[in-house]
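See below for the structure under consideration.
The values are calculated or read from the model by the stated rules, or taken from the named source; none is laboratory data. Just so it is clear, the model here is predicted, and its values are computed rather than measured. Neighbour counts are summed over all protein chains in view; Cβ atoms, including those assigned to glycine, are modelled from backbone coordinates with ideal geometry. For the accessible areas, the whole protein counts, side chains as well, though only heavy atoms, and no ligand, DNA or RNA atoms are used. Shrake-Rupley method; radii C 1.70, N 1.55, O 1.52, S 1.80 Å.
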Amino acid sequence: MHMFFVKPEQIREGRIEILGEDVNHIRNVLRMKPGERVRVSDETDFCGQCRVEALMEDRIVLTVEEEAPSTELPAEITLFQGLPKGDKMEWIVQKNTELGVRRIVPVAMKRSVVRLDGKKAGARVSRWQAIAQSAGKQAGRTRLPEVSSVVSFAEALEESAGMDLLLLPYESAEGMTAARKLLGQARPGMRIGILIGPEGGFEPSEVEAAVQAGWKVLSLGPRILRTETAGMAVAAALMLMLEP
């Protein structure tokens, strides 16, 4: 069932008006007809199954049939991702959106090859946010994740302050027994951070600064994971820990 997102003010007395680009998508791409069903979320408290009532030139009118359960993880996960090369960030955004990550923060680190600033950074972030939106709809997310502006490593540590559980995969960490204990600390309602280095990994000084800021290093096993894989591995493990 196709998923669409609206603002709370578009929902009135059991009816919803779909506006903007989604009108064309429903009418001309999906070619939906009255009576067909979709899921709608306002990204706050409402998610429901709806029936198409009328298709107009500038809007689609839906009737709410029943509320639907949220598909969000019971904890808020933020991925702090060291900037990778090429189009790897697009893959990272797409797959972590599917896994339920709430927020993705691109981080410029010492070993990041890519340097983004000004208009170039803004264009990339807009592109990543569009990918997150598309992936969120495809995955049936109740809320779309946010892709933030690019931040420095120091800014990332500042943003993580106050989170309940901070996880940093690192090759020098203890084995999987210790990793399972750390992951087992995840609880519903927590704000959880995942910090991933770029292709060249972390500088030792970055790991030291992160540990001083409250981050806990953990192993992901004896194999070396690529930067685009490591965050997904942690997110998937947390999903197994958190989902009821």
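Could you check the stretch 68-106 and list, in sequence order, the residues that are in a loop (DSSP other than H, G, I, E, B) and closer than 21 Å to residue 190 by Cα? Even if it seems obvious, please write down each step before you answer.
Taking the stretch 68-106 as the starting set, the residues that turn out to be in a loop (DSSP other than H, G, I, E, B) are 68-75, 83-87, 99-102.
Correct list: 69, 70, 71, 72, 73, 74, 75, 99, 100, 101, 102.
Spot the failing condition for residue 111; the list is (1) closer than 30 Å to residue 49 by Cβ; (2) touching an Asp or Glu at 6+ places or on another chain (Cβ under 8 Å); (3) in contact (Cβ under 8 Å) with a residue 40 or more places away in the chain, and only one is missed.
(1)
Quick one: in the stretch 190-242, of everything that is under 21 Å from residue 83 (Cβ atoms) and hydroxyl-bearing (Ser, Thr, Tyr), which residue is surrounded by the most Cβ atoms within 10 Å (Cβ to Cβ)?
Ranking the qualifying residues of the stretch 190-242, first place goes to 227.
Could we say that residue 138 is closer than 22 Å to residue 102 by Cα, more than 19 Å from the chain's Cα centre (by Cα) and open to solvent by 50 Å² or more (accessible area, probe 1.4 Å) here? Even if it seems obvious, please write down each step before you answer.
On the way: closer than 22 Å to residue 102 by Cα: yes; more than 19 Å from the chain's Cα centre (by Cα): no; open to solvent by 50 Å² or more (accessible area, probe 1.4 Å): yes.
No: the conditions fail for residue 138.
Quick check on the stretch 25-69: of everything there that is of a type in the set (S, T, N, Q) and open to solvent by 70 Å² or more (accessible area, probe 1.4 Å), which residue is farthest from residue 103 (Cα to Cα)?
From the stretch 25-69, those of a type in the set (S, T, N, Q) are 28, 41, 44, 49, 63; that's our starting set.
Now restrict to residues that are open to solvent by 70 Å² or more (accessible area, probe 1.4 Å): 28, 44.
Values: 28: 32, 44: 15 Å.
In this case the residue turns out to be 28.
Looking at residue 15, is it farther than 15 Å from residue 139 by Cα and touching a residue at least 24 places away in the same chain (Cβ under 8 Å)?
Values: farther than 15 Å from residue 139 by Cα: yes; touching a residue at least 24 places away in the same chain (Cβ under 8 Å): yes.
Here the answer is yes, as residue 15 does meet what is asked.
State whether one or more residues within the stretch 183-202 are within 27 Å of residue 88 (Cα to Cα) and assigned to a helix (DSSP H, G or I).
Here is the first cut: in the stretch 183-202, the residues within 27 Å of residue 88 (Cα to Cα) are 183, 191-202.
Filter once more, so that each one left must be assigned to a helix (DSSP H, G or I): 183.
Checked against the condition, which is being within 27 Å of residue 88 (Cα to Cα) and assigned to a helix (DSSP H, G or I), the stretch 183-202 yields at least one hit.
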